[in-house]
Amino acid sequence: MSNVTRTWKLNGKSVTVRAPAGRRLLDVLRDDLGLTGSKESCGEGECGACTVLVDDEPMVSCLIPVGQLPNGTEILTIEGIARKAAGRVIQQAYIECGAVQCGFCIPGMVVSSYALLQRNPKPSTRAIRDALAGNLCRCTGYAKIIQAVKLAATRLAKRTR
Amino acid sequence: MKNIEKIAFQFPTTLAAALRLQANEKTRGKLLAGGTDLMVQWASGVPTPERVTSLWNLPEISAIRVLADHVEIGAGVTHAFLVDCQPLRTHVPALVAAAGTVGAKQIQARGTLGGNVANASPAGDTAPALLVTDGTVVLASQAGEREVSLSQFWTGYRQIAARPDEIIVAFRLPKRGKARERFRKIGTRRAQAISKVMAASRIRVEKGVIVSAAIALGSVAPTPVRLTQVEQFLAGKKLTPALIAEAEKLAQTTVQPIADIRSTAEYRRWASGRLVRDALEHL
Ligand SMILES: Cc1cc2nc3c(=O)[nH]c(=O)nc-3n(C[C@H](O)[C@H](O)[C@H](O)COP(=O)(O)OP(=O)(O)OC[C@H]3O[C@@H](n4cnc5c(N)ncnc54)[C@H](O)[C@@H]3O)c2cc1C
């Protein structure tokens, strides 16, 4: 075993963690830091429920050993995104479109939606499907989720004009 | 404590330091890049190693260089980085297309080209696209660097021609020049699905005649394979519908796929021919 100490910018704040290098980022977030918004579903990278942004890129936190994230890494979880104006617009759009049923996949969906809209403020349906392809939902059938991302994109475009 | 938490991790910050660790059996670790293959295996009960040598973010293996007649892609380059690299779309478009079909965005952000190649799955998406370039794998150890042709790199099911002290550092891939490339993956759904069959091709046609043809398939044999017989059959011939039909048949008779959880042998054989047809119809 090897313990590592890492200082990251987590949801905008400096956070220092000490953990076995092989501990999964997901376990550090949920169990050590109490950030339970990121969900564990499959535990093997397929479902996207544990998606977080690492230096602006969506990654599944169940496949990242924390030792691989050096000091200074910027991590944004659903808790951090929910505090951002754009994050709230996306959440509201999900609610209004009825895109949420059991809700377990939604934190990951919102993180992937946020990552997409940061990069591509006017995504095509194809681009939305691509961006969310790594997030599985067993309830909704995706149609309303895609509508929600479109609605959020429209609202965000109005705000920045 | 989970098994992965018991692993001793080493985080070399230079390639030289990583090679030093790998040179000595007492410090050698299982190489770990983006972990999208290994972390899954360890989570599903595959025994964990005592030591790991992390290659994630190692600068010397994380760059893309565009040179006069070839491109050099670092083994640590992620699929996401590769997909975003405009010059690669011009010079090795099939590889860019292949990288874009690995898993989904979250997997592409972590999975590396070196990891996909070293994992040596016959279903590795980038393998056929690499094979049709006639490129090489650059291996490094403390003894120095050597190059191995990609066509000789996968030596058997999940076997590669690298020594335990070696690290894949890069791939040297001749540019396509005037040839056309195509990549097609057939899977159960478009994302997050391992292929049933896939094909990459690099074919050059001049004045209606096939000057050179490189066609590779994945998921039809223990390793990714080039369709040498089909390639030889095509070379020098006029591209006609009749020729395409013959090439399709030849492909179907030369492959020896197996049946497994993802598909049947019959379907794979049929689809292999259709993919060859598809490549020839898009020239
Ligand atoms: C949900 C999910 C979906 C996936 N979908 C696909 C898919 O559609 N298509 C596909 O092809 N793959 C897929 N994969 C597999 C995986 O993402 C790819 O194979 C990826 O490219 C592996 O790269 P990595 O850096 O994560 O490898 P790692 O897991 O870090 O390593 C894989 C292997 O390569 C070795 N290795 C890594 N780097 C080097 C190096 N530089 N030199 C020598 N050896 C090295 C390691 O020791 C290990 O044996 C998927 C994985 C997941 C979790």
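Each reported figure results from applying straightforward, stated rules to the coordinates on display, with no laboratory input. Note that the structure is predicted; figures quoted are calculated from it, not measured. Positions of Cβ are generated from backbone atoms using ideal geometry, with glycine treated the same way; all protein chains shown enter the neighbour counts.
Worth pointing out:
- Size of electric dipole in the protein assembly as shown: Cβ of Lys, Arg +1 and of Asp, Glu -1, about Cα centre, debye, nearest 20: 1260 debye
- Total formal charge among the other residues, if their Cβ is under 9 angstrom from that of B:G29, Lys/Arg +1 and Asp/Glu -1: +2
- Whole-angstrom gap from segment B:29-94 to segment A:53-100, using each part's C-alpha centre: 24 Å
- Compared with the dominant principal axis of the Cα atoms in chain B, helix B:265-281 is inclined by about 70°.
- Taking every C-alpha pair closer than 8 Å and separated by at least 6 residues, the mean separation divided by the residue count of segment B:59-174 gives a relative contact order of 28 percent.
- Note on chain B: Rg/Rh from Cα positions, Kirkwood definition for Rh, rounded to two decimals, is 0.99.
- Segment B:4-54: relative contact order in percent, alpha carbon pairs under 8 Å with at least 6 residues between: 57 percent
- Taking the longest Cα principal axis of chain A as reference, the axis of helix A:143-160 is set at about 90 degrees.
- The mean sequence separation of alpha-carbon pairs under 8 Å and at least six residues apart, normalised by the residue count of chain A, gives a relative contact order of 23 percent.
- Descending semi-axes in Å of segment B:59-174, equivalent ellipsoid built from Cα gyration tensor: 20, 16, 14
- Overall form of segment A:1-89 per C-alpha gyration tensor (a/c, 1.5; a/b vs b/c): oblate
- The long axis of helix B:241-254 is offset from the longest Cα principal axis of chain B by roughly 40 degrees.
- Note: chain A, Cα convex hull, 102 Å³ per residue.
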